[in-house]
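**Q** The structure follows.
The values are calculated or read from the model by the stated rules, or taken from the named source; none is laboratory data. What you see is a predicted model, and the numbers here were worked out from it, not measured in a lab. Note: ideal-geometry Cβ built from the backbone for every residue, glycine included; neighbour counts use all protein chains shown. Note: accessible area is taken over every heavy atom of the protein model, side chains too, but ligands, DNA and RNA are not part of it. Shrake-Rupley method; radii C 1.70, N 1.55, O 1.52, S 1.80 Å.
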Amino acid sequence: RAAVLCAKAVLKSGGGLVTVHSAHCGMPIVQTAFPEAMFEPDRNEHYITDMKIHHNHQAVAVGPGLGTHDATIEALQDLLQHATMPMVLDADALNCISIRPALLTYVPAKTILTPHVGEFDRMFGEHHDDEARLRTAIEMSRQYNIIIVLKGHYTAVVSPTGRVNFNMTGNAGMATAGAGDVLTGIITSFLSQGYEPIYAAMLGVYVHGRAGDMAEAEFGQYGMTASDIIGKVGPAIREILES
């Protein structure tokens, strides 16, 4: 589910071609749910053991539907040590880092991490309030030269320079299963289109929230789903281009 939502969001926000790498057993699921995506099966049937880049991808998203098997963590470390393209790390990629904190030292410069509060605290320690969490995000962004998208009511995009941008689009209905996977896909799409990572992150967060506002207007906060947000990504981008 998570990989499918992420892949759909990539294409719906302007990515020309998306390839999903997952455990071999995921092939019929992905190809049935989203035939527009290419599928690259892992050699293992049930979990991911290899994340080597076999094609000339413009950007890579890691995390949605990844899992946290020991072999998957090893594969993630290998990817982080050898990757040359811009990346977004989300979901289980962040959980893998929580399990093996040394992975942070291998994360390439300007990589975008998109944790929600729980994922952030698992990586960087428990925080008792949002202000303390934001201070830590600024410190970690500087220390590791990464961009942190701290998801919440007003999502904060934290730059390695110490600058913080708060996003004003979005609504409470977006606290729905899969919405984070959609955000990862949108940001990855903008990375693949050549945007600098900090601008891909800010634009992705804004478009994601605006699509959520459009979905709320049609379905209401209680009735909207992650797929509804994906369906409004195109109109949200068109609105920006025409304004």
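**Q** Residues of region 11-62 being under 26 Å from Tyr195 (Cα atoms), more than 18 Å from the chain's Cα centre (by Cα) and of a type outside the set (A, V, I, L, M, F, W, C), which ones?
**A** Glu36, Glu40, Lys52, His54, His55, Asn56
**Q** Just checking, how many residues over region 3-51 are in contact with a Gly (Cβ under 7 Å, 6 or more places away or on another chain), within 21 Å of Thr176 (Cβ to Cβ) and either β-branched (Val, Ile, Thr) or at pLDDT below 95 (or both)?
**A** So the answer is 1.
**Q** Please find, within region 103-138, the residue that is farthest from the chain's Cα centre (by Cα) out of those that are acidic (Asp, Glu) and surrounded by 14 or more Cβ atoms within 10 Å (Cβ to Cβ).
**A** Asp130
**Q** Scan region 164-203 for residues that are crowded, with 18+ Cβ neighbours inside 10 Å and part of a loop (DSSP other than H, G, I, E, B) and report the count.
**A** 6
**Q** Taking helices (runs of 4 or more DSSP H) that do not extend beyond region 1-100, which have at least 3 residues that are open to solvent by 20 Å² or more (accessible area, probe 1.4 Å) and under 30 Å from Leu241 (Cβ atoms)?
**A** Output list reads 2-12.
**Q** What is the one condition in (1) among the polar types (S, T, N, Q); (2) assigned to a helix (DSSP H, G or I); (3) loosely packed, with under 15 Cβ neighbours inside 10 Å that Thr161 does not satisfy?
**A** Answer for Thr161: the failing condition is (2).
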